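Data block below; observations after.
The values are calculated or read from the model by the stated rules, or taken from the named source; none is laboratory data. Note that the structure is a prediction, hence the values are computed from the model and not measured. Every residue, glycine as well, gets a Cβ built from its backbone with ideal geometry; the counts of neighbours run over all protein chains shown.
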Amino acid sequence: MRRLFYVQVARAHAAPKAIEYLQYAGEIALARSFFSDAADKLNSALELVRQLPEEKHSRQELALQLRLGTAYSGFLGFASEPRDKAFRRAMELCAQVEGDFELFPVIWNLSQLNLQRAELAAAHELADQGLNLAERLREPALFSLLTTTWVRYAVWKGHWESPWSILNEHRGSPTLRLILSSWRCIHSISLS
């Protein structure tokens with residue numbers, strides 16, 4: 001019944017309002033962990049967004065692609081192809097709209113996706129991009145998120161000294177202090 005309402009609103013030349021309603025409905029579905037339902041609503045909103053003029057199109061599509069990637073991870077899996085496609089499209093859109101703050105979750109999600117697929121070189125490259133972005137934005141929380149990705153990559157590859165040096169460089173962050181102490185524990189266990 002609600003879907004029919006959204007379609008009727010869109011046909012009545014109120015596509016921006018229908019997009020807003022569909023996005024809101026998708027957000028509610030995500031919040032309630034109805035991932036399949038969220039993906040349906042977000043995809044419907046994407047169809048309408050693609051009908052808008054290009055200048056209005058990119059930012060709105062970016063927001064939808066970010067949420068769609070989250071929805072796909074919930075019901076298709078963290079390393080699923082549709083999730084990859086949504087975040088890769090979001091990365092393209094970030095370049096168009098120059099959205100550095102939007103780029104960070106895209107890079108993080110793609111690095112995690114590549115770790116799940118055991119595509120370690122791609123995960124490492126994305127983690128490096130994210131670390132550079134976090135440093136440029138001067139956001140310690142973002143830096144700590146990608147540092148953990150970078151450390152996981154290094155551990156899986158057996159590069160024990162590389163993450164150690166990165167963590168030592170950024171010892172001042174409380175989050176990184178916790179990571180560093182955990183890393184020392186892991187490192188000491190691996191040597192015994």
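A few remarks follow.
- Close pairs from the range 9-30: first at positive phi and among the acidic types (Asp, Glu), partner buried (at least 21 other Cβ atoms within 10 Å of the Cβ) and modelled with pLDDT of 90 or more, Cβ under 8 Å, at least 6 apart: none
- Answer residue from the range 1-17, given it is assigned to a helix (DSSP H, G or I) and either within 25 Å of the chain's Cα centre (by Cα) or not hydrophobic (A, V, I, L, M, F, W, C) (or both) and is modelled with the lowest pLDDT among those: 11
- Conditions (1) among the small types (Gly, Ala, Ser); (2) out of contact with any Leu (no Cβ under 9 Å at 6 or more places or on another chain); (3) at pLDDT below 90; number of the one not met by residue 31: (3)
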